[in-house]
Structures are given as structure tokens and as C-alpha cells.
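Taking it in order: structure first as C-alpha cells, then the write-up.
The values are calculated or read from the model by the stated rules, or taken from the named source; none is laboratory data. It should be emphasised that the depicted structure is a prediction, and the values quoted were computed from it without experimental measurement. With ideal geometry, Cβ positions are generated from the backbone for all residues, glycine too; neighbour counts draw on all protein chains shown.
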Amino acid sequence: MRVLLVEDDLQLGESLEAALRLEQYAVDWLHSGEPVRAALGATPYDLLVLDLGLPGVPGLQILRQLRADKHTLPVLLLTARNTLEDKVEGLDAGADDYLTKPFEMDEMFARIRSLLRRHTGNRASYLEVAGISLDPVERHVLVDGESQDLTSREFAILEILMRRAGRFVSRQRLEEGIYSWGEEVGSNTVEVYISRLRKRFGSEVIETMRGVGYRIRA
Ligand code: CA
């Protein structure tokens, strides 16, 4: 799962970014609202965590623009103001939920899981492919009822492949799913994770097509 975080408060932004990474999300952090639209156009995100009080373009305006652009990704608002009016305005503008500062990280994670679950609510929240079942929100992988202990990047790659089961996914798309901006991408990293997944789930489960990418058999 990849999160776009928009927060101008450096201290809060840093701790949110670190906490989200520890919780195994890929995170990109923007300090202001101007680049949000371009970022959303360039990268497939699963969630936007948006501060309302931003310098320049206010969070609410970003949110309205986003919904006007028909972006459906879930949005969690962060607000320093705790008035009913602000909450109503935020929800009316298309936010899915909000947190009033200060908040506990555990509460934020619970809200995020609930948002992601609701967002995938019209599908089964479990993905089931090739005998593997994966819960993207609770981050469990089961095979024959047995829990599998995957690293966060193995999990991220498996999830992307399972969401597009039967179709080929390019290496670049897989890299985008596991690296935040500015992180060094090793030239054969995706291959390494694919080979680990094959070792675990059987080599026939993931197919490679040279120059095209990888797919998990539906
Ligand atoms: Ca702020």
C-alpha cells in the first residue's frame, strides 16, 4: 500500500512518515499542497493523508479539486481545529475520515485500516489467487490455513500481482509499489523478491515474460 502524506509541519510530518514506514506502508511526503495533483497523476496511491492547514493552497481546496478530477482514492484529513463545522465541511468536500491533532499513531493506523477496508468493500477484502489468500488491510497471507511470514516488500509485490491476477505487470510498476521517492532502487531488486516468492509458493505460480513483466496465474 502506498500513501501520499501532505503535511507542512516538519516535526509531525517526520514522525508520521517514520510511523507509516514502520507499519510497512510506502510513503511519499509533500510539505505543501501545490504538487499534490501532479503526484497523484504520476503515481498510483492507495491513500491520501491530507493536512487541512497548509501554506499556499489549503487542504480543503486540494480535496475539492481532487474530487472534481474524479479521483476516488480514500482521503484522511488531519486538522488542528476541532469544530463540528470544520468536520462537516471536510466530509462534504469528499474526505472519508478525519483526525483531530494531536492524535495517537495507533488511532491513525486504525482509521487507515478501516478506510482501506471500506474502500475495497465492494470486493471481498481478501484476495484469493492460486491457493494463496492475502488480506491487504490486516496484512496477512495464508496458504492452506497457514500464516506466511513475508517481508513488507515481498508482501507488496505479491499484493500487486494478485490484484492484477492473470495480467502481466511491468517491473517498473512493481518498483513503484515498493519504493518511496528518493529511495535507491537496486537494478535487480524486483527479480530478487520474485525469486523469493517463487521459492515460497512454488516456481509455477509466477510467470515471467521477458521485456513485459510478471504475472500470477489466475
Ligand atoms: Ca499544517
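What are the residues in the range 55-80 that are surrounded by 14 or more Cβ atoms within 10 Å (Cβ to Cβ), touching a strand residue (DSSP E or B) at 6+ places or on another chain (Cβ under 9 Å) and closer than 20 Å to Asp9 by Cβ, if any?
Gly59, Leu60, Ile62, Leu63, Val75, Leu76, Leu77, Leu78, Thr79
Being part of a helix (DSSP H, G or I) and either at pLDDT 95 or above or within 16 Å of the ligand (Cβ to nearest atom) (or both) is the filter here, so list the residues in the range 7-22 that pass it. Show your work before the answer.
From the range 7-22, those part of a helix (DSSP H, G or I) are 10-22; that's our starting set.
Correct list: Leu10, Gln11, Leu12, Gly13, Glu14, Ser15, Leu16, Glu17.
Would you mind telling me which numbered condition in (1) surrounded by 14 or more Cβ atoms within 10 Å (Cβ to Cβ); (2) in a helix (DSSP H, G or I) Leu4 fails?
(2)
Return a yes/no flag: does the range 23-36 have any residue that is among the aliphatic types (A, V, I, L, M), within 13 Å of the ligand (Cβ to nearest atom) and touching a residue at least 40 places away in the same chain (Cβ under 8 Å).
Applying the first criterion (among the aliphatic types (A, V, I, L, M)) to the range 23-36 yields 26-27, 30, 36.
Keeping just the survivors that are within 13 Å of the ligand (Cβ to nearest atom) gives 30.
If we keep only those that are touching a residue at least 40 places away in the same chain (Cβ under 8 Å) as well, we get none.
No, the range 23-36 contains no residue that is among the aliphatic types (A, V, I, L, M), within 13 Å of the ligand (Cβ to nearest atom) and touching a residue at least 40 places away in the same chain (Cβ under 8 Å).
I need every pair where a residue in the range 40-61 that is acidic (Asp, Glu) and within 15 Å of the ligand (Cβ to nearest atom) has its Cβ under 9 Å from the Cβ of a residue that is modelled with pLDDT of 90 or more and assigned to a strand (DSSP E or B), sequence separation at least 6 or different chains.
Final answer for the pair search is Asp51/Leu5; Asp51/Val6; Asp51/Leu77; Asp51/Leu78; Asp51/Thr79.
Of the conditions (1) touching a Phe, Trp or Tyr at 6+ places or on another chain (Cβ under 7 Å); (2) farther than 16 Å from Gly177 by Cα, Leu50 satisfies every one except a single condition; which number is it?
Only one criterion in (1) touching a Phe, Trp or Tyr at 6+ places or on another chain (Cβ under 7 Å); (2) farther than 16 Å from Gly177 by Cα is unmet by Leu50, namely (1).
Any idea which of Thr72, Thr151 is among the hydroxyl-bearing types (Ser, Thr, Tyr), within 19 Å of the chain's Cα centre (by Cα) and outside the structural domain of Leu12 (by TED's automatic domain parsing)?
Residue meeting the stated conditions: Thr151.
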